[in-house]
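Structure, as structure tokens:
The values are calculated or read from the model by the stated rules, or taken from the named source; none is laboratory data. Quick caveat, the model's predicted, so the values are computed rather than measured. Cβ placement follows ideal geometry from the backbone for every residue including glycine, while neighbour counts extend to all protein chains displayed.
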Amino acid sequence: MAELWSLIILNPVLNVLIALSSILSNNFGLAIIALTIIVRLIILPLTLKQLNSTKAMQAMQPKIQELQKKYAKNQQKLQQEMMRVYKEAGMNPLGCVWPMLVQFPVWIALYQSIMKALATTPENLLDLSYHLYSWQVVSQAFPLSSHFLWLDLGGHGDLILAIIVGATMWVQQKMTTAPSLDQRQQSMSNMMLLMMPLMFGLFVLMFPSGLALFWAASNVIGIVIQYFITGGWGYLRFRPSAQAVPATASKRASQKRS
Amino acid sequence: MLASCAPGGAQPAQGWSGTVLNNDGILYAASMDGKVVAVNPSTRNLEWSYTIVASSSSSGFMSCGQTSVPTAIYGTPAVDGNLVYIGSYSGKVYALSTSARSQNLPFPQTRNGEWHYPRTNEVIGDIVGSPVVSEDAIYVTSSNGKLYSLGKDFGDLNWESDVLGEKLWTTPVIEGDTIYVSTFDGHIYTLSTETGNLLPVSFEAEVGFVSSPVLYGDIIFVGSFDNKLCAIKIGDNKLLWEFPGGRWFWATPVAKEGVVYAGCLDGKIYAISVETGKELWEFDTESPIVSSPVLMDRIAVVASESGDVYIFDTTTEPKDKVMTPVKTIFVDALIRGSLYCHEGIVYIRAQDNCLYALDIDKGNVSWKLPLTIK
């Protein structure tokens with residue numbers, strides 16, 4: 001299974017990454033960014049499908065929030081009603097998950113390729129040799145320079161990169177995270193919105209900077225794609241209309257009650 | 001991002017130390033758990049061991065403080081008199097006294113001549129190559145790209161070279177008052193043993209060098225990243241010939257009587273004419289060859305990574321350029337460290353952290369000693 005994985009997915013990605021480094025003046029940092037862009041472009045149809053599903057889900061949010069409000073005390077009924085609404089709209093709530101799952105092996109291969117190509121230990125360099133094609137453009141890439149801008153791509157613990165990864169991840173998440181009227185759900189979303197960037201910010205300090213560069217590049221490309229697909233900054237805006245309306249409505253409701 | 005949680009990206013540094021038999025009849029090697037060990041091959045007794053630890057904060061920044069973990073050791077120890085020299089992957093060079101270590105005294109026993117360099121908590125960068133000992137100095141390469149010359153007696157720094165490459169993982173070669181070192185970026189540098197200054201004799205290739213160099217007369221043999229074995233004439237500073245393999249020539253080649261023996265990661269051992277660069281014979285072990293072959297009289301011993309050790313009679317005529325081994329001995333472990341041959345016995349520190357003694361005449365494993373001490 002491992003051999004099949006290497007043969008079909010890992011080795012092609014790894015060799016293209018190294019060849020790109022050779023083409024881009026032995027700049028491995030640029031090669032990581034270039035390959036991230038190429039992979040993003042290749043899987044763009046899947047990403048679009050995922051984003052469109054997410055967008056459609058977001059468009060239904062007012063309706064869903066209404067239901068959440070209406071059936072706040074009856075979770076079972078709420079689930080039934082939500083499923084009915086989704087069905088009527090011809091939507092599958094898991095529709096945005098499948099494209100993501102299909103992309104997963106590609107991301108794993110990209111991650112493994114970067115880690116292998118960096119060859120931070122002698123074992124890694126030896127192992128790398130077993131995955132290389134005998135292309136001249138690949139042979140000429142060695143030794144891969146681990147320096148890019150201020151970064152040592154094989155080194156750990158770059159604080160600036162940690163902040164960039166955390167910040168870009170927060171922006172990307174914020175753009176797509178729809179506000180919820182359900183207090184519990186909203187606080188959960190808020191927590192996730194902070195936790196994930198923080199967690200990956202910490203990962204940057206533990207993993208080689210080359211991998212963190214891939215995360216940062218991937219986040220930035222993700223933001224750009226989302227900006228053009230969803231037509232703007234989405235929920236990143238400080239007072240998005242989708243959030244403002246329910247908030248005002250809820251204020252009015254509380255005034256009425258008092 | 002979750003893809004990063006998947007395994008298979010990187011392998012930890014474990015080391016693959018070679019073995020060396022000193023004229024005191026004791027075998028020295030380094031284990032996979034950071035120990036330098038002295039073994040008496042006649043009694044198979046572990047005479048002493050010393051664990052080299054590295055202060056580590058890499059495991060993390062989230063931990064409360066520094067921890068001490070055994071370091072990986074890749075080089076083969078160098079023995080000179082009463083002292084065993086070794087470089088650690090944690091970036092220090094050690095001189096261990098055999099008498100102080102056999103009494104298990106605290107390290108360093110300066111009156112026994114023990115030292116470590118740097119003497120402070122600083123490190124000089126991961127050391128992968130073996131230390132090389134000359135009459136009055138010891139030379140080590142470091143991942144910081146520099147070559148160091150240290151005094152044998154007290155570990156004083158004689159000199160450190162300029163940065164020769166992004167990282168130096170190869171073992172240098174000394175010939176007279178010149179040191180030869182190959183770099184990953186395709187240079188062969190020569191330096192003065194006295195001053196560390198670069199000498200005008202140098203060679204620059206279009207492709208990097210993956211193996212340590214070996215000198216044979218006025219020719220340097222070295223493996224390159226484009227799957228070739230290169231022969232470079234020292235005086236002319238030019239490529240004499242290059243021999244194509246299927247993969248990298250990772251292991252340092254050995255040369256004797258006009259023939260260079262080079263193990264390749266494509267699984268083949270090649271015997272090549274020094275003069276012409278033409279293949280004399282080959283044999284496919286069907287597993288990458290990571291450790292250097294060893295020559296003893298008319299015997300060539302070659303170990304494949306999968307654990308097969310092949311004995312060749314170099315005087316035998318090959319059939320259609322394919323040599324048949326006279327014996328094959330199977331070691332049930334990965335072999336990556338350098339072999340050592342003495343009086344018909346081949347010593348190997350394999351990747352199962354055991355020391356093996358192989359009897360060439362009998363064609364079997366004579367004994368096996370686990371180096372993992374509980």
Touching a residue at least 40 places away in the same chain (Cβ under 8 Å), exposed (fewer than 15 other Cβ atoms within 10 Å of the Cβ) and out of contact with any helix residue (DSSP H, G or I) (no Cβ under 7 Å at 6 or more places or on another chain): which single residue out of A:72, A:2 fits that description? A:72
Mind listing just one residue for me: the one in the range A:145-162 that is surrounded by 17 or more Cβ atoms within 10 Å (Cβ to Cβ) and part of a helix (DSSP H, G or I) and, of those, farthest from the other protein chains (Cβ to nearest Cβ)? A:161
Within the range B:1-22, track down each residue that is more than 8 Å from chain A (Cβ to nearest Cβ) and modelled with pLDDT of 85 or more. B:15, B:17, B:18, B:19, B:20, B:21, B:22
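Return the residues of the range B:184-227 that are among the small types (Gly, Ala, Ser) and either in contact with a helix residue (DSSP H, G or I) (Cβ under 7 Å, 6 or more places away or on another chain) or on the phi > 0 side of the Ramachandran plot (or both); say none if nothing qualifies.
Hits for the range B:184-227 are B:186, B:196, B:217.
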Please return the ranges of strands (runs of 3 or more DSSP E) entirely within the range B:295-359 where 3 or more residues are crowded, with 19+ Cβ neighbours inside 10 Å and touching a Leu at 6+ places or on another chain (Cβ under 6 Å). B:345-349
Is it the case that some residue within the range A:197-217 is farther than 29 Å from residue A:20 by Cα, touching a helix residue (DSSP H, G or I) at 6+ places or on another chain (Cβ under 8 Å) and away from every other protein chain (no Cβ under 12 Å)? yes
All but one of (1) under 30 Å from residue B:208 (Cβ atoms); (2) surrounded by fewer than 16 Cβ atoms within 10 Å (Cβ to Cβ); (3) modelled with pLDDT of 85 or more hold for residue A:198; which doesn't? (1)
Based on this model, can you work out whether residue A:165 counts as within 10 Å of chain B (Cβ to nearest Cβ), under 30 Å from residue B:211 (Cα atoms), in a helix (DSSP H, G or I) and not acidic (Asp, Glu)? no
Go through the range B:212-234 and give me each residue that's farther than 20 Å from residue B:165 by Cα and not in a loop (DSSP other than H, G, I, E, B). B:215, B:216, B:219, B:228, B:229, B:231, B:233
Sole residue being within 14 Å of chain A (Cβ to nearest Cβ) and either more than 25 Å from residue B:351 (Cα to Cα) or modelled with pLDDT of 95 or more (or both), chosen from B:141, B:71: B:141
Qualifying positions in the range B:99-145 - in a helix (DSSP H, G or I) and of a type in the set (A, V, I, L, M): B:100
Cβ-Cβ under 8 Å pairs, at least 6 apart or on other chains, the range B:87-111 side at positive phi, far side charged (D, E, K, R): B:91/B:126
Please determine, by comparing only the residues of the range A:131-144 that are surrounded by fewer than 19 Cβ atoms within 10 Å (Cβ to Cβ) and not in a loop (DSSP other than H, G, I, E, B), which one is nearest to the other protein chains (Cβ to nearest Cβ). A:136
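Kindly check whether there is at least one residue in the range A:186-195 that is within 9 Å of another protein chain (Cβ to nearest Cβ) and not hydroxyl-bearing (Ser, Thr, Tyr).
no
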Counting only residues that are assigned to a loop (DSSP other than H, G, I, E, B) and either more than 14 Å from chain A (Cβ to nearest Cβ) or within 11 Å of residue B:161 (Cβ to Cβ) (or both), the range B:191-206 contains a total of 9
Considering residues of the range B:144-190 that are closer than 21 Å to residue B:232 by Cβ, within 14 Å of chain A (Cβ to nearest Cβ) and hydrophobic (A, V, I, L, M, F, W, C) only, the residue nearest to the chain's Cα centre (by Cα): B:169
Which members of the range B:294-311 meet the condition of being at pLDDT 95 or above and not aliphatic (A, V, I, L, M)? B:304, B:305, B:306, B:307, B:308, B:310
Inside the range B:207-253, the number of residues satisfying the requirement of being under 16 Å from residue B:178 (Cα atoms) and within 14 Å of chain A (Cβ to nearest Cβ) is 1
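Go through B:275, B:305, B:317 for me and flag whichever is in contact (Cβ under 8 Å) with a residue 24 or more places away in the chain, out of contact with any helix residue (DSSP H, G or I) (no Cβ under 8 Å at 6 or more places or on another chain) and acidic (Asp, Glu).
B:305
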Considering only residues of the range A:117-127 that are in contact (Cβ under 8 Å) with a residue 24 or more places away in the chain and more than 7 Å from chain B (Cβ to nearest Cβ), which is nearest to residue A:39 (Cα to Cα)? A:117
Looking at the structure I just gave you, is residue A:224 modelled with pLDDT of 75 or more and over 30 Å from residue A:66 (Cβ atoms)? yes
Filter the helices (runs of 4 or more DSSP H) completely within the range A:2-67 down to those with at least 2 residues that are among the hydroxyl-bearing types (Ser, Thr, Tyr). A:11-23, A:44-59
Output the qualifying pairs, or none if there are none: Cβ atoms under 6 angstrom, residues six or more apart or on different chains, first residue in the range B:238-249 and in contact (Cβ under 8 Å) with a residue 12 or more places away in the chain, second residue among the basic types (Lys, Arg). B:240/B:233; B:242/B:228; B:244/B:228
